[in-house]
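Below is one structure; the comments refer to it alone.
The values are calculated or read from the model by the stated rules, or taken from the named source; none is laboratory data. Values in this document were obtained by computation on a predicted structure and should not be read as measured data. Every residue, glycine among them, receives a Cβ derived from its backbone with ideal geometry; neighbour counts consider all protein chains shown.
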Amino acid sequence: MKNIINFFYNFNVIEIYSINNGYYFNYNNDSYVFMCCMRDLNEINAIYNLYKELKIRNVFVNDLILNKNGQIVCIVDNKTFVLIKDNTKNNRINMNDLLYIQNNTVNIKCDKKIFRNNWIKMWEIKIDYYEKNINGSLKKYPLLNKFIDYYIGLGENAISYLSYNSVKKTNYVLSHKRININNSTFDFYNPLNFIIDSRVRDFSEYVKTQFFYGTLSFDEFKRFVDYMNFSREECILLISRLLFPTYFFDLYDSILNEEFPEENIKNVLDKKDEYANFLKNTFYYFINIKKINIPCIDWLIKY
């Protein structure tokens, strides 16, 4: 791989380190990753155009490096690779990273190929998949088998709530397919991970992962909600997104793929009731404190 990098980029790299799907190296005191990318080539081109717009706006991101032929991708053994210059210190992300990106990319112009705003359709596909596959796949996973129906029910609640309260999305920003507290700043500012969606998306996913794996208090949550100044429509989107249990389904998939042992799900299950109360308190805060007129979910309010 070293010879390929040197050939395509006119570098003189001496050492590279292979980690997962990337090849890491230093050149002229800068850090680079030659990364395998699973996204469609049309999406990669759309991302590159978005990256150029971000650079014009002086928004901090990791750099996409063109090869000597002026192309964004290199095909190696029928796999697509992109060279990324790492401008971060590879720390863990925090809420300030989310706020920085969101404040600087509201309604940014980009190709619709990288929009991911049809939550209902995506959630319905996911729920249908789990409902069709749970019978034969969970015999050796008693914890997953015991609680999968509860989390499918949460997912269906999220779909119903969003469908019933059909709202128009606004404030589209640079977003990510998934955010969690273990994301590095390299991943967060890597253009290959970018999508475009409501500013509610990254915020809600960060809140969920902080709740289950971090130290998020409800007072901290309220402080960030107040700072974001969500509209009524965004509050409905936020409730829907918080209700949909991505945190469970992602672990479910990883356990069935044997990436993690089943016991890793215990942290989520131990906080099941606490999280239901968190959602209940969110309703209370929006409706009774901030005086935002949003519909309730009866079973949560009575929880």
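Just to be sure before I move on: is residue 303 surrounded by fewer than 15 Cβ atoms within 10 Å (Cβ to Cβ) and of a type in the set (Ser, Thr, Tyr) in the structure I sent? Before the answer, list the steps.
On the way: surrounded by fewer than 15 Cβ atoms within 10 Å (Cβ to Cβ): yes; of a type in the set (Ser, Thr, Tyr): yes.
Yes, satisfied.
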- Query: Which condition number does residue 121 fail, the rest of (1) basic (Lys, Arg); (2) within 29 Å of residue 56 (Cα to Cα); (3) assigned to a helix (DSSP H, G or I) being met?
  - Reply: (2)
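Out of curiosity, is residue 13 assigned to a loop (DSSP other than H, G, I, E, B), surrounded by 14 or more Cβ atoms within 10 Å (Cβ to Cβ) and not small (Gly, Ala, Ser)? Write out each step before concluding.
Working: assigned to a loop (DSSP other than H, G, I, E, B): yes; surrounded by 14 or more Cβ atoms within 10 Å (Cβ to Cβ): yes; not small (Gly, Ala, Ser): yes.
Answer is yes for this residue.
Taking residue 121, is it under 27 Å from residue 255 (Cα atoms), outside the structural domain of residue 12 (by TED's automatic domain parsing) and of a type in the set (Lys, Arg)?
Working: under 27 Å from residue 255 (Cα atoms): yes; outside the structural domain of residue 12 (by TED's automatic domain parsing): yes; of a type in the set (Lys, Arg): yes.
Considered against the rule, which asks whether it is under 27 Å from residue 255 (Cα atoms), outside the structural domain of residue 12 (by TED's automatic domain parsing) and of a type in the set (Lys, Arg), residue 121 comes out as yes.
Across the stretch 77-86, what is the total count of residues that are surrounded by 15 or more Cβ atoms within 10 Å (Cβ to Cβ) and over 23 Å from residue 102 (Cβ atoms)? Spell out the reasoning first.
Going through the stretch 77-86, the residues surrounded by 15 or more Cβ atoms within 10 Å (Cβ to Cβ) turn out to be 80-84, 86.
Then drop every residue that is not over 23 Å from residue 102 (Cβ atoms), which leaves 80-83.
Number of matching residues: 4.
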- Task: Go through the stretch 206-227 and count every residue that is without any contact (Cβ under 8 Å) to a residue 24 or more places away in the chain and of a type in the set (Lys, Arg).
- Result: 1
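Test of understanding: among 185, 170, which residue is surrounded by fewer than 17 Cβ atoms within 10 Å (Cβ to Cβ) and not charged (D, E, K, R)?
Details: 185 fails: surrounded by fewer than 17 Cβ atoms within 10 Å (Cβ to Cβ).
Among 185, 170, only 170 is surrounded by fewer than 17 Cβ atoms within 10 Å (Cβ to Cβ) and not charged (D, E, K, R).
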- Message: Between 165, 229, which is over 18 Å from the mean Cα position of the chain (by Cα) and closer than 15 Å to residue 285 by Cβ?
- Response: 229
- Message: Could you check the stretch 126-158 and list, in sequence order, the residues that are in contact (Cβ under 8 Å) with a residue 60 or more places away in the chain and within 30 Å of residue 188 (Cβ to Cβ)?
- Response: 126, 130, 144, 151, 154, 155, 157, 158
- Message: Being under 18 Å from residue 165 (Cβ atoms), out of contact with any Ser or Thr (no Cβ under 6 Å at 6 or more places or on another chain) and in a helix (DSSP H, G or I) narrows it down to one residue among 287, 294, 265; which is it?
- Response: 287
- So which residues in the stretch 91-109 are crowded, with 19+ Cβ neighbours inside 10 Å and among the β-branched types (Val, Ile, Thr), if there are any at all? 93, 101, 105
- Mind listing whichever residues of the stretch 39-66 are in contact with a helix residue (DSSP H, G or I) (Cβ under 8 Å, 6 or more places away or on another chain), polar (S, T, N, Q) and not in a helix (DSSP H, G or I)? 62
- What number goes with the only condition from (1) buried (at least 21 other Cβ atoms within 10 Å of the Cβ); (2) under 23 Å from residue 268 (Cβ atoms) that residue 199 does not pass? (2)
- Query: In the set 286, 244, which member is at pLDDT 95 or above and more than 21 Å from the chain's Cα centre (by Cα)?
  - Reply: 286
- Message: Tell me the residue from 33, 13 that is modelled with pLDDT of 95 or more and either assigned by TED's automatic domain parsing to the domain that holds residue 110 or not small (Gly, Ala, Ser) (or both), please.
- Response: 33
- Quick one: count up the residues across the stretch 228-283 that are without any contact (Cβ under 8 Å) to a residue 12 or more places away in the chain and not acidic (Asp, Glu). 5
- Message: I'd like to know if the stretch 131-143 contains one or more residues that are among the β-branched types (Val, Ile, Thr), loosely packed, with under 14 Cβ neighbours inside 10 Å, in the same structural domain as residue 207 (by TED's automatic domain parsing) and not in a loop (DSSP other than H, G, I, E, B).
- Response: no
